[in-house]
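What follows is a short report on a single structure.
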């Protein structure tokens, strides 16, 4: 225990070296970090930020869905989050006749709220340091044994934490496995859509403005969490009641000024700030370029069909938005990593580490071993990306690959009935979302890209030889002809053939299906030859990461340390600030509706506006949401906060603990942030809460929602 206490104190020692960098654990907030927050303007106590025994800000912050953040903003469980976080729920509630995605939606009373049965939210109950328990359980384990023993240790700890209380829990490694924390959550499953602006507001600027500042996007949506009559989590029921939260955020419409304090609570999804030069090199040279090229193809064919038909646009909207978001990110990340010479900076750090590690048996071979494992895995990296983003980038191939569970059940005499039932349900969902014209083109294009770009000795044996009957393997027409044949002959699209198969499951029938044969050829090739290599690489990479960071902490014991983001609650703090990204260019810290109107292009796919918007702006009908200094309506603002994916929907909170905006993006000039924070250019893009309220009130006419909030003027 003394050893773990020392380690914890070491991890929490802080000496700030970079302005506003850090995604801090609010439950382990160091005194010097808190003092710096107060210095920047914070008016709240540490206990008001995070408390176990009393209500605090942490009780208003939720995991929204599977990968976003939301905040409770009323005493009746009202939730604010981003439009893109609620996008799938909004699209699912929509139809061609009632297109809430296109036209927007506001419930004027609770009876009009729409159940979002795929959604849930989680509240953090408590956090516990379980480092000692985990380390005891894995003592003496080899690198390969470590993974299995960790999972067993996690399972035991989680079982003890959740038995008899209905909670969920996760054990999360911190600092590359030098510390382990248990997070206990309470999940609510009755979530209902309350409001959303028209897509032309919620996604204004589309892909063109994505990751860019100046930004004019009203990226918000409104939901409500319901509970059973006892206030506890319950499945959806019409007579459930709005949750009475432990804490909710007041909403300030005072506006922001330059240098104002800004704090962001949320669930950042993932960073790798302690990555090595070997990882940076592989990312910039192989992984990201491959991801960008493959997603470019998928987006191209999806967009072609979405432009033709509003129903198709609605059908593919959520999937397209998800793919597009990180298409631009991966491209920008590579460019920024190269521009700011992050590879070379990492090499300098590693050279200093190697010099320090001389004569220290635990650390002196860490970097040479890193070089060895990357050299062994690098030749297969591209193939893995092409499999996941290319071959299985086709929705048909992705679904077909899932039928391997049915094949395994048949061949290994497992529960065939259960496997078939699961496949039948999954097929129904797949067919609902499938767009054949775009998918058929994706199937053809990605199969050719794999053939052309991946070394022949990594191809599935015999697969491409079989395609020669359709034509020359260097000709795109060959793959288009083959893809047409797959789509025409697979039982996945043929109800009669599918029913015959599911009524009498037969492995040979499944193996002869052209869609399954394609997906299985690539899947079995990877699992049989390359998955063991990847598993060995990841196990060794993880263990070396633990040792490398352990050495770094011993080398620099007084340095500032925060754990990499891993979708656990964090807070970051900074200020509202402008920036100058390049010579002769200076950006203000806010945008206004004047800028929205300057970008407005009637009928445009990305820059259109809903009916009534321009008239309200022309009349300057901004009500209590107007910025008096600018005589305009502020749309967005930027801060110096440190965030990443998962922080979407996070509340931007002022010095008094009041909501002033919703974080929704980062800026293009600092897209290296997952690996290296840029103290000069990093900005978080936020939608101003005054614009959110104006859209709800003036544009949407939903004064009932406004009346529910505690507004601070």
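The values are calculated or read from the model by the stated rules, or taken from the named source; none is laboratory data. Keep in mind that what you see is a predicted model, and the values were worked out from it rather than measured. Every residue, glycine as well, gets a Cβ built from its backbone with ideal geometry; the counts of neighbours run over all protein chains shown.
Output the residue which, of all residues in region 24-57 that are free of Cβ contacts under 8 Å to residues at least 12 places away in the same chain and outside any helix (DSSP H, G or I), is nearest to the chain's Cα centre (by Cα). Within region 24-57, the match that is nearest to the chain's Cα centre (by Cα) is 51.
Scanning region 133-153 for residues that are within 17 Å of residue 535 (Cα to Cα) and not in a loop (DSSP other than H, G, I, E, B) gives 143, 144, 145, 146, 147, 148, 149, 150, 151. Restricting attention to region 631-671, the residues that are over 19 Å from residue 202 (Cβ atoms), part of a loop (DSSP other than H, G, I, E, B) and touching a strand residue (DSSP E or B) at 6+ places or on another chain (Cβ under 6 Å) total 7.
Please indicate, with yes or no, whether at least one residue in region 154-166 is touching a residue at least 40 places away in the same chain (Cβ under 8 Å), out of contact with any helix residue (DSSP H, G or I) (no Cβ under 7 Å at 6 or more places or on another chain), closer than 19 Å to residue 126 by Cβ and assigned to a loop (DSSP other than H, G, I, E, B). Yes, because at least one residue in region 154-166 is touching a residue at least 40 places away in the same chain (Cβ under 8 Å), out of contact with any helix residue (DSSP H, G or I) (no Cβ under 7 Å at 6 or more places or on another chain), closer than 19 Å to residue 126 by Cβ and assigned to a loop (DSSP other than H, G, I, E, B).
Regarding residue 256, is this residue assigned to a strand (DSSP E or B), under 28 Å from the mean Cα position of the chain (by Cα) and touching a residue at least 40 places away in the same chain (Cβ under 8 Å)? For residue 256, the condition - assigned to a strand (DSSP E or B), under 28 Å from the mean Cα position of the chain (by Cα) and touching a residue at least 40 places away in the same chain (Cβ under 8 Å) - is not met. Could you check, for region 176-190, whether at least one of its residues is modelled with pLDDT of 95 or more, in contact with a helix residue (DSSP H, G or I) (Cβ under 8 Å, 6 or more places away or on another chain), outside any loop (DSSP other than H, G, I, E, B) and under 30 Å from residue 221 (Cα atoms)? Yes, region 176-190 has at least one match. Filtering 598, 606 for residues that are closer than 30 Å to residue 339 by Cβ and either assigned to a loop (DSSP other than H, G, I, E, B) or touching a helix residue (DSSP H, G or I) at 6+ places or on another chain (Cβ under 6 Å) (or both) leaves a single hit, 606. Would you say residue 523 is part of a helix (DSSP H, G or I), modelled with pLDDT of 95 or more and outside the structural domain of residue 310 (by TED's automatic domain parsing)? It is false that residue 523 is part of a helix (DSSP H, G or I), modelled with pLDDT of 95 or more and outside the structural domain of residue 310 (by TED's automatic domain parsing).
Which of the residues spanning region 105-132 are in a helix (DSSP H, G or I) and either in the same structural domain as residue 67 (by TED's automatic domain parsing) or within 30 Å of the chain's Cα centre (by Cα) (or both)? Of everything in region 105-132, those that are in a helix (DSSP H, G or I) and either in the same structural domain as residue 67 (by TED's automatic domain parsing) or within 30 Å of the chain's Cα centre (by Cα) (or both) turn out to be 110, 111, 112, 131. Count of region 58-72 residues, restricted to those that are closer than 19 Å to residue 269 by Cα, in contact (Cβ under 8 Å) with a residue 60 or more places away in the chain and outside any helix (DSSP H, G or I), is 9. Of all residues in region 406-442, those that are closer than 18 Å to residue 503 by Cβ and in a helix (DSSP H, G or I) total 17.
Looking at 546, 582, 570, just one residue is surrounded by fewer than 19 Cβ atoms within 10 Å (Cβ to Cβ) and within 30 Å of residue 637 (Cβ to Cβ), and that residue is 582. In this structure, does residue 562 turn out to be touching a residue at least 24 places away in the same chain (Cβ under 8 Å) and either in contact with a strand residue (DSSP E or B) (Cβ under 9 Å, 6 or more places away or on another chain) or closer than 30 Å to residue 49 by Cβ (or both)? For residue 562, the condition - touching a residue at least 24 places away in the same chain (Cβ under 8 Å) and either in contact with a strand residue (DSSP E or B) (Cβ under 9 Å, 6 or more places away or on another chain) or closer than 30 Å to residue 49 by Cβ (or both) - is met.
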